Amino acid sequence: MRVSKLTNGQVRKLNALRKSLGNKIADPAFSKWLKTQNSNKSGGKPDPVAEKLERSLKSLESKKINLGTWGYTIKRSKGKGAKGFVATRNKKPSKTTGTKKPSKTTGTKKPSKTTRTKKPSKTTRTKKPG
């Protein structure tokens, strides 16, 4: 079995099986599981709506239509008596990092906070004689 042809999820599963069951049992078990997974993927029916959309857009192929990098979303029209479809342009997803970087300012720098070490306590307990 070639590990290089496996997906990341399949490699994780194989490693987990090897760790819990050992190589002798895990490798044959994983290969049996992999055969069942690959057989499910082939032979699936294509989506009939997607095929109709492809056929209807095929006529526009010769014309210069730029769908852009992010493409378009097609939805049914909403509202009373609405017919047809509405196409909206997909926007580039925004980068959300959660924290905003501080802007660079000129002037004096604030002193950095240093971590203080814990001082030993002054009172120590000693055994009393007796």
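Points worth noting:
- Pairs meeting the criteria (first residue in the range 44-72 and more than 19 Å from Gly84 (Cβ to Cβ), second residue surrounded by 10 or more Cβ atoms within 10 Å (Cβ to Cβ) and at pLDDT 85 or above, beta carbons under 7 Å, at least 6 apart or on different chains) are Gly68/Arg89; Trp70/Asn90; Gly71/Asn90.
- Verdict on Lys41 being at pLDDT below 65 and not hydrophobic (A, V, I, L, M, F, W, C): yes
- Here Ala50 clears all of (1) surrounded by 11 or more Cβ atoms within 10 Å (Cβ to Cβ); (2) closer than 30 Å to Ser94 by Cβ; (3) not basic (Lys, Arg) except the condition numbered (1).
- Identity of the residue in the range 62-90, assigned to a strand (DSSP E or B) and aliphatic (A, V, I, L, M), that ends up farthest from the chain's Cα centre (by Cα): Val86
- Residue count for the range 1-22 under the criterion of being loosely packed, with under 10 Cβ neighbours inside 10 Å and either under 17 Å from the mean Cα position of the chain (by Cα) or on the phi > 0 side of the Ramachandran plot (or both): the result is 3.
The values are calculated or read from the model by the stated rules, or taken from the named source; none is laboratory data. Quantities reported herein were computed from a predicted structural model and do not represent experimental measurements. Using ideal geometry, Cβ is built from the backbone for each residue, glycine included, and neighbour counts are taken over all protein chains shown.
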